[in-house]
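A.B. asks: Take a look at the following structure, please.
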Amino acid sequence: MSKFNRNPFNQGELETICKIIADTNVGLTSSEIGYFLEMLGYKDVDKNNTKWKRLFNALANRQNQTQSANCILSFISKSYAPSRYVGKKDLYNESLERINTILIFHGLEFKDDGKFHRIKAAQTLTEAEKRVSKLTERINSRGLHPHLLKYCKSELLQNNYFHAVLEATKSIASMIRIKTGLQSDGAKLVDEAFGGTNPLLKITSFQTESEKSEQKGFVSLTKGLFGTFRNPTAHAPKIEWNMSENDAVDLFTLASYVLRRIENSK
């Protein structure tokens, strides 16, 4: 790691890194933090504090002694060794993206080969988020509906799956209201717009039994989308809602399909 001889991280950067590494749900356990500190020979100066503060104080102490960020890079290298995340690829990639949003300001990126790579340093937070975010690339490659992307743009740049899911379903309700002038929400809005014997919006000519059946299926699909994703995300604490990158991409694809059917409805 000495070949980098990096300038120290500032307090805000180091706090963010430690909060990611010691994340309550997916980060290192307290015993793992102690293990890696001992492995690297860093003094564990605050063992009884919360995980991220304990890690912060240990790494800040070491960085102050050496006046180099190499100690922090070494900890990242050990704790994010690829072999530790076999079978947990989504979790690994998500954590690396968050870490790299900080590292990119120092002209570094940590990849899934377990090594740091020199890159052009980012100058702004927006630039850093755009360059690091893999989820945004996957979303854009699918050619999803622009109405969806407009609602989710800021959340996608931050890889915030929890709130991106909520915004995706909001975009569906928004388009229905735009096309109908209705003011309700959720399942009620879907029923008012697409339900009944003479729906306000028809995704087909609504003449044959097959077309009417397709309309009913679309109503069930859209209501299911609200019930499965919007209601839990709107009411459950973020800490209790786990959303992988693959699940998020699939959801956005489904939401995009629903939006296109609504847009083309008569």
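What follows draws every value from the coordinates through simple rules; no lab data is involved. Since the model is a prediction, treat every value here as computed from it, not as a measurement. Glycine also receives a Cβ, built like all others from the backbone with ideal geometry; neighbour counts cover every protein chain displayed.
A.B. asks: So if we plug the beta-carbon distance of V45 and D23 into 1/(1 + (r/R0)^6) with R0 = 30 Å, what FRET efficiency do we get, rounded to 0.05?
C.D. replies: Values: r = 21 Å, r/R0 = 0.71.
So, using R0 = 30 Å, E works out to roughly 0.90.
A.B. asks: With r defined as the distance between the Cβ atoms of E211 and S184 and R0 fixed at 35 Å, what FRET efficiency is calculated, to the nearest 0.05? Please list the in-between numbers first.
C.D. replies: Numbers: r = 25 Å, r/R0 = 0.71.
So the FRET efficiency works out to roughly 0.90.
A.B. asks: Report the gain in length on full extension from T253 to Q11: 0.36 nm times residue separation, minus Cα-Cα distance, nm rounded to one decimal.
C.D. replies: Values: separation 242, 0.36 × 242 = 87.12 nm, distance 3.93 nm.
Extending this stretch completely gives an extra 83.2 nm.
A.B. asks: So if I average 1/r over every pair of distinct C-alpha atoms in the range 1-64 and take the inverse, what Kirkwood radius in Å does that give? Could you put the intermediate results ahead of the total?
C.D. replies: Working: mean 1/r = 0.0828 Å⁻¹.
Radius from the Kirkwood sum: 12.1 Å.
A.B. asks: While we're on this one: Over the range 1-71, calculate the relative contact order: mean separation of alpha carbon pairs under 8 Å at least 6 apart, over the residue count, as a percent.
C.D. replies: Numbers: 72 pairs, mean separation 28.7, N = 71.
For the range 1-71, the relative contact order is 40 percent.
A.B. asks: Given Cα pairs under 8 Å that are at least 6 residues apart, what percent is the relative contact order of the range 11-132? Please list the in-between numbers first.
C.D. replies: Working: 127 pairs, mean separation 23.5, N = 122.
With pairs under 8 Å counted, the relative contact order is 19 percent.
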